[in-house]
1. Restricting attention to the range A:174-187, and to residues there that are crowded, with 17+ Cβ neighbours inside 10 Å and more than 28 Å from B:Ala101 (Cβ to Cβ), which single residue is farthest from the chain's Cα centre (by Cα)?
2. Scan the range A:129-150 and give yes if some residue there is at the interface with another protein chain (Cβ under 10 Å from one of its Cβ atoms), touching a Lys or Arg at 6+ places or on another chain (Cβ under 8 Å) and part of a loop (DSSP other than H, G, I, E, B), otherwise no.
3. For a quick check of your reading of the model, give me the residue pairs whose first member lies in the range A:29-44 and is in contact (Cβ under 8 Å) with a residue 60 or more places away in the chain, whose second is part of a loop (DSSP other than H, G, I, E, B) and of a type in the set (Asp, Glu), with beta-carbon atoms closer than 9 Å and at least 6 apart or on different chains.
4. Counting only residues that are more than 10 Å from chain A (Cβ to nearest Cβ), give me the helices (runs of 4 or more DSSP H) lying completely in the range B:1-92 with at least 1 of them.
5. Any residue that is surrounded by 16 or more Cβ atoms within 10 Å (Cβ to Cβ), under 18 Å from the mean Cα position of the chain (by Cα) and modelled with pLDDT under 95 - is there at least one of those in the range B:72-88?
6. For A:Leu198, indicate whether it is closer than 28 Å to A:Phe27 by Cα, surrounded by 19 or more Cβ atoms within 10 Å (Cβ to Cβ) and within 11 Å of another protein chain (Cβ to nearest Cβ).
7. If I go through the range B:137-172 residue by residue, how many of them are under 17 Å from the mean Cα position of the chain (by Cα), surrounded by fewer than 18 Cβ atoms within 10 Å (Cβ to Cβ) and either under 16 Å from B:Pro57 (Cβ atoms) or in contact (Cβ under 8 Å) with a residue 24 or more places away in the chain (or both)?
8. Based on this model, can you work out whether B:Leu209 counts as at the interface with chain A (Cβ under 8 Å from one of its Cβ atoms), within 20 Å of the chain's Cα centre (by Cα) and farther than 22 Å from B:Trp50 by Cα?
Protein chains: 2
Amino acid sequence: MTLDSTTPPDLFEEHLALDPTARELLFTAARTANNFADEPVPDDQLRAIWELAKWPPTSANVNPLRVLYLRTDTAQDRLIPHLAESNQHKSASAPVIAVLAYDTQYTEHVPRLLPFRPEMKEMLEADPVHHQEQARFNAALQAAYFLLSIRAAGLTAGPLGGFDAEAVDREFFPDGRLKSFLVVNIGKPGDDPWFERLPRLGYEEVVQLI
Amino acid sequence: MTLDSTTPPDLFEEHLALDPTARELLFTAARTANNFADEPVPDDQLRAIWELAKWPPTSANVNPLRVLYLRTDTAQDRLIPHLAESNQHKSASAPVIAVLAYDTQYTEHVPRLLPFRPEMKEMLEADPVHHQEQARFNAALQAAYFLLSIRAAGLTAGPLGGFDAEAVDREFFPDGRLKSFLVVNIGKPGDDPWFERLPRLGYEEVVQLI
């Protein structure tokens, strides 16, 4: 399936190993939903999403992402007032909402996660600014793996950046160790769940070959 | 395929829509290579990687990632001295090296990319710190989509964070608009291309359900 007129026909067929069904499920046909069907997501499926998302790489295998799944109305009601008003109705219809956060003390686990180079812990901690930049960067990579893993489960992800992160952290992570950076609605798409697809930049605007 | 003893058997079969072949190709069997086969990657395949990676979402559809593919020895020789010494031999064996950068002036394109809300351009630009944080965050999401798209092409990605970004920017992006943040080796894996797989955190260490 060619999704816009700028992609040459047969490019994917000739140059990708990933089959068309998987390609559409994860990349080309999947969409960000604005409302969700009233159908629960089992806890084991939430676990499957994570068990898939945990494998792609992070720098020095630091794995700073942490996930808080809100499944009950009681839990979701603690979040929704802290979302931008334009986002509140989207989350209110989602059977599960994930709060993605990074662990500011992620280097605690370096000796276990990078056993052949445990000194990376002290190397990362030596520069406090770089230490936290690495947390944010690698958690963002993992957030993307997580979004595609939600799609891999046959569900729709609705990521939202518009929320009061400090208020969310006070509510859910009061000890200050975890910092929220993305809210993700999860479920099956509802009725009329998305707008027309938004355009992308042209190939020549993004990519240079030398 | 269960990759570590902490993933319950049959979890993926029961709860994912993505087929096992695609799952292994992108997530569970794919690995980060340290050396590469001496086999070229066609330009059209580099294009297919981007045409796939461009579809998953960014905040407000900002799409700040820019990609510079280095294919020739001449181009690669301009990069390799700026990599951490321990990374230089990895890149030297790669048929293609991508320099991933974000466009510091990405909001130029907002009126075209988000036509129903062109005022987002001024809203993002109003806070210079937030403006650049959004560039870095969304470019990191897109970098992850790009890494999985390399795997979707049947190739191996070797992302490297250890390089002198300021020197790379002076060499390749002298006007200061683009800021490099990740180098990615691309190709088929060479002989003995990877170490034993590194561990991941346990489910209960990462995920909470409430």
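The values are calculated or read from the model by the stated rules, or taken from the named source; none is laboratory data. Predicted model, so just to flag it, every value in this text is computed and none were measured. Every residue, glycine as well, gets a Cβ built from its backbone with ideal geometry; the counts of neighbours run over all protein chains shown.
1. The residue in question is A:Leu178.
2. Looking through the range A:129-150, none of the residues is at the interface with another protein chain (Cβ under 10 Å from one of its Cβ atoms), touching a Lys or Arg at 6+ places or on another chain (Cβ under 8 Å) and part of a loop (DSSP other than H, G, I, E, B).
3. A:Asn34/A:Asp192; A:Asn35/A:Asp191; A:Asn35/A:Asp192; A:Ala37/A:Asp191
4. Qualifying helices (runs of 4 or more DSSP H): B:20-23, B:73-79, B:85-92.
5. Yes, there is a match, as at least one residue in the range B:72-88 is surrounded by 16 or more Cβ atoms within 10 Å (Cβ to Cβ), under 18 Å from the mean Cα position of the chain (by Cα) and modelled with pLDDT under 95.
6. Spelling it out, it is not the case that A:Leu198 is closer than 28 Å to A:Phe27 by Cα, surrounded by 19 or more Cβ atoms within 10 Å (Cβ to Cβ) and within 11 Å of another protein chain (Cβ to nearest Cβ).
7. 2
8. Considered against the rule, which asks whether it is at the interface with chain A (Cβ under 8 Å from one of its Cβ atoms), within 20 Å of the chain's Cα centre (by Cα) and farther than 22 Å from B:Trp50 by Cα, B:Leu209 comes out as no.
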